[in-house]
Amino acid sequence: MRRREFITLIGGAAALPFAALAQQPGRVRRIGYLSPARLPQLLQALHNGLREFGFIEGQSIVIDYRFAEGQAKTMDELAAELVQLGPDVIVTVASGAALAAKRATTTIPIVMATVGEPVGIGLVASLARPGGNITGVTLRTCKETARTVERNHTWSSARCAAWQRRQSL
């Protein structure tokens, strides 16, 4: 997947919890955004995805940003600040931010982006059924890639063996 498509996918995934609410006028929705650094491409993808569902920052949504870079506060403290603001959803970037949000709330939906191995770090129960209040996009891990390569190799070897048997008949 190309980088631009990936970034667009993240923005769309973050906007999904709001899709059902887009037709409800009057209420301004609140998003908490937690990241270790200010990443302009991801922020742009989020804004583009929200715009596709009719949400414009400052008009129909408010986004409360918390970035850890250059701050003395820990990611847990930043996550707790966001929870106190009462957002409708928290969008997290990277594993540390997602874990901090998970520790801070069990009721506010969390949309994770760019988390490497959410099952391995205890963020979700499984990729198929994450459970709890967490969903989002994950990066494929080395372990998962190795399993896929192994499966493909096994399938390919079996197919070659079957082809060779047919050729020898």
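Laboratory data are not the source of any read-out in this text; all were calculated from the coordinates shown. These numbers come from a predicted model, not from an experiment. A quick note on method: Cβ atoms are made from the backbone with ideal geometry, for glycine too, and the neighbour counts reach across all protein chains shown.
With each label point set 7 Å from Cα along the Cα-Cβ vector, what nm distance links residue 27 and residue 76?
Modelled inter-label distance: 3.2 nm.
Per 0.36 nm of contour for each residue apart, how much would the distance between residue 103 and residue 59 grow if the chain were fully extended, relative to their Cα-Cα spacing?
Gain on extension, residue 103 to residue 59, equals 12.8 nm.
Per-residue counts of other Cβ atoms within 10 Å, averaged by peptide: what ranking do you get for 56-62, 90-96, highest first?
90-96, 56-62
Residues with amide H under 5 Å of residue 136's amide H, sequence separation 5 or more or different chain, H placed in the peptide plane at 1.01 Å from N; which?
112
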